[in-house]
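Input: a single structure, listed below in structure tokens.
The values are calculated or read from the model by the stated rules, or taken from the named source; none is laboratory data. Treat the numbers as computed from the prediction; the structure is a model and nothing was measured. All Cβ positions, even for glycine, are placed from backbone atoms using ideal geometry, and neighbour counts span all protein chains on display. Remember, those area values only see protein heavy atoms, side chains included, never the ligands or the DNA or RNA. Shrake-Rupley method; radii C 1.70, N 1.55, O 1.52, S 1.80 Å.
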Amino acid sequence: MTKVSEVVARFEKFAPKWLAEKWDNVGLQLGDLNQEVHKMMITLDVRPEVVQEAIENNVDFIFAHHPMMFSPIKTFDLSDPQNKMYAELIKHNITVYAAHTNLDNTNGGMNDWLAKSLGLENVTNLIPVHSQKNCKLVVYVPESHVRHVLEALEEAGAGEVGNYTGCSFTSTGLGRFIPNESAEPVFGEVGKMQEVREQKIEVVIPEKNKQQVIDAILAVHPYEEVVYDIFALENDSSETYALGRVGELPKPMTLQACGELCQSKFQTAGLRLISQQKNKIIKKVAILGGSGSKFYPAAVKKGADLYITGDVTYHTGHDMLASGLSVLDPGHYIESICKPEMLKIFNKWSAENDWNFDIMISTVNTDPFIFI
Ligand SMILES: [Zn+2]
């Protein structure tokens, strides 16, 4: 059986927790990471109706976008609907995990899905927030253990270059050493020069994972003293992660038409336009799912004709208007795009890893707003 921790480990390779904003509360919300998964459910929000749906479907692992725990509980009073919901989750052994701003910021995550669904082209980042620098690791391994070390390296996330994983280069040579009296060598004798056929493995590793990769090598390498070098890389092999995306519509259209496009793509019952010219022609669009109103100056700076984001407040709306930027607020619920998109991704990982549990998406509409 597959444990929640295995599913989470695969997910965190795609959207590591360090990509989350500091104020966020991503990761395990409630339950046990060592629990086996029989049925998993993907949801945007964890609400009492969603938990009820999970119970009815025998779900034991909920993967949510929005963290359900933001305020600490002082009294576990079950007359409070939120606490009652936690109690129901515990009673039914349901583990809840949340991937929030790490899923927003990762490449191929939330904001890429939103940009793609509008058909935006030449998509770039709106606000870079993190960058991951790579370095080069070189390790010398006796031929008998090369396979083990290569597997450990891949497992620890080494050798990822663009769309390729498991990248490395090896060259063969002779290693030599004289063990001293305190040594307990795997090969050779104390005080005698020993030569061993070794391979030199070169691999790119993310600087943030450096220690994890070294630990993985040390766990499988047979030598008492493992020789490895780490080099800084001058070439730009770093990866940037950003809040929001900017891109171009395939064909310029009016703001009114953009609103209609959003309404049909995101299936919103209504949306708000912050502009005084519904006929303004829009070509360049910035998009940031969720509550991105405070980031509107970045859209202005990028020369966007339109900024699409949710939860815009009255006074921020005034500031947006004054800046000359047109803004479209389709609501926060457009992030429910994460349900079908994460289902596709989890199904792919499930096939690759022989996971033997079902994955479903919540069918509950958790948008608190309706239009009359
Ligand atoms: Zn959100």
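Filter the stretch 266-315 for residues that are over 28 Å from the mean Cα position of the chain (by Cα) and assigned to a helix (DSSP H, G or I); which is farthest from Asp329 (Cα to Cα)?
His315
I'm trying to understand the selection: among the residues of the stretch 59-103, which are within 16 Å of the ligand (Cβ to nearest atom) and part of a loop (DSSP other than H, G, I, E, B)?
His65, His66, Pro67, Met68, Met69, Phe70, Ala99, His100
If you go through the stretch 159-176, how many residues are part of a strand (DSSP E or B) and in contact (Cβ under 8 Å) with a residue 24 or more places away in the chain?
First, pick out the residues of the stretch 159-176 that are part of a strand (DSSP E or B): 161, 164, 169-176.
Then drop every residue that is not in contact (Cβ under 8 Å) with a residue 24 or more places away in the chain, which leaves 161, 169-175.
Number of matching residues: 8.
Restricting the stretch 319-335 to residues that are more than 10 Å from the ligand (Cβ to nearest atom), of a type outside the set (Asp, Glu) and over 12 Å from Leu273 (Cα atoms), which is most open to solvent (accessible area, probe 1.4 Å)?
Restricting to residues being more than 10 Å from the ligand (Cβ to nearest atom), of a type outside the set (Asp, Glu) and over 12 Å from Leu273 (Cα atoms), the top hit is Ala322.
Could you list, in sequence order, all residues of the stretch 284-310 that are more than 16 Å from the ligand (Cβ to nearest atom) and touching an Asp or Glu at 6+ places or on another chain (Cβ under 6 Å)?
Answer for the stretch 284-310, where residues must be more than 16 Å from the ligand (Cβ to nearest atom) and touching an Asp or Glu at 6+ places or on another chain (Cβ under 6 Å): just Lys284.
Could you list, in sequence order, all residues of the stretch 285-327 that are touching a Pro at 6+ places or on another chain (Cβ under 9 Å), closer than 21 Å to Cys262 by Cα and of a type in the set (Gly, Ala, Ser)?
Gly310 - this is the single residue of the stretch 285-327 that is touching a Pro at 6+ places or on another chain (Cβ under 9 Å), closer than 21 Å to Cys262 by Cα and of a type in the set (Gly, Ala, Ser).
From the list Ala54, Ala115, exactly one residue is assigned by TED's automatic domain parsing to the domain that holds Phe266, surrounded by 18 or more Cβ atoms within 10 Å (Cβ to Cβ) and part of a helix (DSSP H, G or I). Which is it?
Sole residue among the options that is assigned by TED's automatic domain parsing to the domain that holds Phe266, surrounded by 18 or more Cβ atoms within 10 Å (Cβ to Cβ) and part of a helix (DSSP H, G or I): Ala115.
Return the residues of the stretch 259-290 that are of a type in the set (Gly, Ala, Ser) and closer than 23 Å to Asn365 by Cα; say none if nothing qualifies.
Gly259, Ser264, Ala269, Gly270, Gly289, Gly290
Which residues, counting only those in the stretch 355-367, are at pLDDT 95 or above and out of contact with any helix residue (DSSP H, G or I) (no Cβ under 6 Å at 6 or more places or on another chain)?
If the condition is that a residue be at pLDDT 95 or above and out of contact with any helix residue (DSSP H, G or I) (no Cβ under 6 Å at 6 or more places or on another chain), then Trp355, Phe357, Asp358, Met360, Thr363, Asn365, Thr366 are the ones that fit.
Given the criteria assigned to a loop (DSSP other than H, G, I, E, B) and either surrounded by fewer than 20 Cβ atoms within 10 Å (Cβ to Cβ) or at pLDDT below 95 (or both), does Glu21 qualify?
Answer is yes for this residue.
Scan the stretch 27-36 and give yes if some residue there is more than 16 Å from the ligand (Cβ to nearest atom), within 26 Å of the chain's Cα centre (by Cα), more than 30 Å from Asn209 (Cα to Cα) and open to solvent by 10 Å² or more (accessible area, probe 1.4 Å), otherwise no.
no
Rundown of residues vs (1) modelled with pLDDT of 95 or more; (2) open to solvent by less than 40 Å² (accessible area, probe 1.4 Å); (3) not in a loop (DSSP other than H, G, I, E, B), yes/no style:
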position	(1), (2), (3)
Cys135	no, yes, yes
Val138	yes, yes, yes
Val146	yes, yes, yes
Glu154	no, no, yes
Gly157	no, yes, no
Ser182	no, no, no
Val186	no, no, no
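Please work out which one of (1) out of contact with any strand residue (DSSP E or B) (no Cβ under 6 Å at 6 or more places or on another chain); (2) more than 15 Å from the ligand (Cβ to nearest atom); (3) touching a residue at least 12 places away in the same chain (Cβ under 8 Å); (4) part of a helix (DSSP H, G or I) is the condition Leu343 fails and give its number.
The failed condition is (1).
For the stretch 147-175, name all the residues that are among the polar types (S, T, N, Q) and closer than 20 Å to Arg10 by Cα.
Across the stretch 147-175, the qualifying residues are Asn163, Thr165.
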